[in-house]
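Worksheet for the structure shown next.
We did not get these values from a lab; they are worked out from the coordinates using the rules stated. Everything quoted here is computed from the prediction, not taken from an experiment. Glycine gets a Cβ as well: all are built from the backbone with ideal geometry, and neighbour counts include every protein chain shown.
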Amino acid sequence: AQSVTQLDSQVPVFEEAPVELRCNYSSSVSVYLFWYVQYPNQGLQLLLKYLSGSTLVESINGFEAEFNKSQTSFHLRKPSVHISDTAEYFCAVSLPYSGSARQLTFGSGTQLTVLP
Amino acid sequence: NAGVTQTPKFQVLKTGQSMTLQCAQDMNHNSMYWYRQDPGMGLRLIYYSASEGTTDKGEVPNGYNVSRLNKREFSLRLESAAPSQTSVYFCASSGTDYGYTFGSGTRLTVV
């Protein structure tokens, strides 16, 4: 079975400062990795995903995550955050099955709060 | 807009009452899921349906039942609600691109 650990439950950071949200996973087989974002009172939205290929993946709003197989990590980074980035961020893994449901296993979430 | 629609958005139940949470998607996705979200625990899978006509238990299925009515609709039923089922429930669907689309959630309180 897979598991996901998000090392920080709360991350406060000042506006325009860099941020890193940490995610480690455990699996005996290769996995696909995802970051989702949840704004207050909304559902989750896909931020970025790693399936294969380049280990550095980017989102359209300036976030990036790097897959590190040796450290089993998929940390999320942004060089300069905005107030609007305040949200809860979830790391998730799934097995690369085809032809069946791809169950996601989620971490417990990291609340990012950007302070003015 | 295309997406996943959940109803109702809010519900208060008394212990022992029953209710059904409805979910419909219009993206022609094969797979659908029900998760519950509790503070500090992330999202936990209750049931999923890989395709029309199939359903399987997830991590926390006790106290719940599901029905995949057709390709579009996947409902979650609480037969006898308990306070431990107070949570936010999310329905999601997925296709071939490995990305889930989530509904906006149902906030359920059992008193």
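Counting Cβ atoms of other protein chains within 10 Å of each Cβ in A:37-43 and taking the mean gives 4. The label point for A:THR72 and the one for A:SER3, both projected 7 Å from the Cα toward the Cβ, are 0.9 nm apart. The residues packed around A:GLN111, meaning those with a beta-carbon under 10 Å from its beta-carbon, carry a net charge of -2 if Lys and Arg are +1 and Asp and Glu are -1.
Size check on region A:48-91: the Cα extents along the three principal axes, sorted descending, read 33, 17, 16 Å.
Rounded to a whole number of µm²/s, how large is the Stokes-Einstein D of region A:1-46 at 37 °C and 0.692 mPa s, given Rh as the Kirkwood radius over C-alpha pairs?
Numbers: Rh = 13.1 Å.
It diffuses with D of about 250 µm²/s by this estimate.
Within straight-line reach of A:LYS78, meaning a Cα separation under 20 Å, sit the following lysines at least 8 residues removed in sequence or on another chain: A:LYS49.
Just the projected area, averaged over all directions, of the convex hull on the alpha carbon atoms of chain B: how many nm²? Spell out each step's value before the answer.
Working: hull surface 26.1 nm².
The number I arrive at for chain B is 6.5 nm².
The alpha carbons of region B:63-111 give a radius of gyration and a Dmax of 12.8, 40 Å, in that order. For B:LYS14, the aspartates and glutamates whose Cα comes closer than 20 Å to its Cα, not counting residues fewer than 8 places off in the same chain, are B:ASP38, B:GLU79.
For a straight C-alpha distance cut-off of 22 angstrom, the lysines reachable from B:LYS57 (same-chain residues fewer than eight places away being disregarded) are B:LYS71.
Mind jotting down a quarter of the surface of the convex hull over the alpha carbons of chain A, in square nanometres, one decimal?
Values: hull surface 29.6 nm².
With every direction weighted equally, the projected area is 7.4 nm².
When Rg and Dmax are taken over the Cα atoms of the protein assembly as shown, they come to 17.6, 52 Å. In order along region B:25-36, the phi-based Karplus estimate (6.51 cos²θ - 1.76 cosθ + 1.60, θ = phi - 60°) of 3J(HN,Hα) comes to 10, 10, 9, 6, 6, 7, 9, 9, 9, 10, 10, 10 Hz; Gly and Pro are listed as x.
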